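Just so it is clear, none of the values below were taken in a lab; they were calculated from the coordinates. Keep in mind it's a predicted model, so treat the numbers as computed, not measured. Heads up, the Cβs are rebuilt from the backbone with ideal geometry, glycines too, and the neighbour counts pull from every protein chain shown.
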Amino acid sequence: MQVTHIEHIGIAVKSLEDSIKFYEEVLGLKCYSIEEVKDQKVRTAFFLIGKTKIELLESTEEGGPVDKFIEKKGEGIHHLAFAVDDLKKALMEAEEKGVQLIDNRPRKGAEGLDIVFIHPKSAFGVLTELCEKK
Ligand code: CMX
């Protein structure tokens with residue numbers, strides 16, 4: 001597959017409002033978008049640094065993936081997302097290589113990107129997202 005850059009780093013937080021303050025007031029970044037992704041049971045806030053984004057993730061539902069993550073591990077880096085040129089091809093290649101996928105076909109993520117997740121057990125403990133901007 002052809003990875004072009006790190007699209008975003010997902011960070012699980014308990015409160016979007018509290019964590020946005022850190023990124024804006026301490027790091028001097030600007031939150032340019034807040035979006036709810038109902039399907040993923042999260043509210044997200046985005047910051048752009050070069051080509052890469054920081055995606056803050058606040059759970060909207062008990063038992064959702066971010067809620068479970070914070071329960072188990074606390075706040076912190078939740079996933080790493082790589083931009084690829086051709087997501088369907090990347091997915092096929094990963095499947096052929098025996099990688100454990102969470103999604104067996106692309107679905108819509110935040111900002112309208114097509115996304116698939118690779119299980120952390122197949123990626124040395126890091127929940128890994130592949131995404132393509134259509
Ligand atoms: N990073 C690393 N490891 C993780 C993890 C993460 N984000 N989330 C879970 N795990 C680990 C757990 O620690 C656990 O490990 P052990 O078996 O060693 O204890 C194992 O994976 C299973 O975890 P679990 O708590 O039982 O959770 P589930 O198996 O129910 O779900 C996962 C885990 C990754 C399959 C699920 O969170 C998932 O499908 N994630 C993809 C979707 C997602 O995270 N959406 C939110 C972001 C959406 C967005 O960016 O828009």
Can you tell me which residue is nearest to the ligand (Cβ to nearest atom) among those in the stretch 55-68 that are among the charged types (D, E, K, R) and part of a helix (DSSP H, G or I)?
68
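Each row is one residue, and each column tells you yes or no for (1) closer than 20 Å to residue 132 by Cα; (2) exposed (fewer than 13 other Cβ atoms within 10 Å of the Cβ); (3) more than 11 Å from the ligand (Cβ to nearest atom).
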{"residue": "7", "(1), (2), (3)": "yes, no, no"}
{"residue": "20", "(1), (2), (3)": "no, no, yes"}
{"residue": "26", "(1), (2), (3)": "no, yes, yes"}
{"residue": "52", "(1), (2), (3)": "yes, no, yes"}
{"residue": "75", "(1), (2), (3)": "no, no, yes"}
{"residue": "79", "(1), (2), (3)": "yes, no, no"}
Go through the stretch 1-60 and give me each residue that's charged (D, E, K, R) and more than 23 Å from residue 71 (Cβ to Cβ).
7, 21, 24, 25, 30, 35, 51, 53
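Could you say which residue among 71, 93 is outside any strand (DSSP E or B) and without any contact (Cβ under 8 Å) to a residue 24 or more places away in the chain? Reasoning before the result, please.
Working: 93 fails: without any contact (Cβ under 8 Å) to a residue 24 or more places away in the chain.
The conditions single out 71.
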Within the bounds of the stretch 84-98, is there any residue that is surrounded by fewer than 19 Cβ atoms within 10 Å (Cβ to Cβ) and within 14 Å of the ligand (Cβ to nearest atom)?
no
Total residues in the stretch 114-127, condition closer than 16 Å to residue 55 by Cβ, out of contact with any His (no Cβ under 6 Å at 6 or more places or on another chain) and near the ligand (Cβ under 9 Å from one of its atoms):
3
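Against the definition (within 12 Å of the ligand (Cβ to nearest atom), more than 15 Å from residue 109 (Cα to Cα) and either of a type in the set (Phe, Trp, Tyr) or not in a strand (DSSP E or B) (or both)), how does residue 39 come out, yes or no? Talk me through it step by step, then tell me what you get.
Numbers: within 12 Å of the ligand (Cβ to nearest atom): yes; more than 15 Å from residue 109 (Cα to Cα): no; either of a type in the set (Phe, Trp, Tyr) or not in a strand (DSSP E or B) (or both): yes.
No, not satisfied.
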With the structure loaded, tell me whether residue 64 is more than 13 Å from the chain's Cα centre (by Cα) and among the small types (Gly, Ala, Ser) or whether it fails that test.
yes
